[in-house]
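Here is the structure we will look at.
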Amino acid sequence: LGTAALLIRQEIVCLVAGFVFLLELVSTFVQEQIGFKLLKRRLLPRAPLHHAFQHRGMAESKIVVRFWIVSLIAAAMAVMTVKFR
């Protein structure tokens, strides 16, 4: 998908469509690089983000369904972005 996005010059659309994956990556980066290395403490209860939700007591099925909803919204926004260009 990344190569296809580069070939058709739609890199931002790929980032928008993969918003949930980007969010998970950023949460891990913030926890490890900023929290542990700079501040010497945790910024989130757990990383990646879905484990932080589990740590707070949210059921795994509820987390998955909410991530699906966010993914569908991000995919719709990506498709709308392509249509406008």
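Among the residues of region 32-55, the ones that are over 21 Å from residue 19 (Cβ atoms) and touching a Pro at 6+ places or on another chain (Cβ under 7 Å) come to 1 in all. Do you know which of the residues in region 2-43 that are within 20 Å of residue 70 (Cβ to Cβ) and hydroxyl-bearing (Ser, Thr, Tyr) is surrounded by the fewest Cβ atoms within 10 Å (Cβ to Cβ)? That would be 28.
When the test is whether a residue is at pLDDT 90 or above and among the polar types (S, T, N, Q), residue 10 does not pass it.
Applying the criterion of at least 1 residues that are free of Cβ contacts under 8 Å to residues at least 40 places away in the same chain and among the aromatic types (Phe, Trp, Tyr) to the helices (runs of 4 or more DSSP H) found wholly in region 5-73 leaves 19-29, 49-55. Of all residues in region 44-85, those that are open to solvent by less than 80 Å² (accessible area, probe 1.4 Å) and in contact with a Lys or Arg (Cβ under 6 Å, 6 or more places away or on another chain) total 1. If the condition is being charged (D, E, K, R) and either in contact with a helix residue (DSSP H, G or I) (Cβ under 7 Å, 6 or more places away or on another chain) or on the phi > 0 side of the Ramachandran plot (or both), then region 17-44 contributes 24, 40, 41, 42.
The values are calculated or read from the model by the stated rules, or taken from the named source; none is laboratory data. Keep in mind that this is a model prediction, so the values were computed, not measured. Note that each Cβ is placed from the backbone with ideal geometry, even for glycine, and that neighbours are counted across all protein chains shown. To get the accessible areas, we keep the full protein, side chains included, count just its heavy atoms, and leave off ligands, DNA and RNA. Shrake-Rupley method; radii C 1.70, N 1.55, O 1.52, S 1.80 Å.
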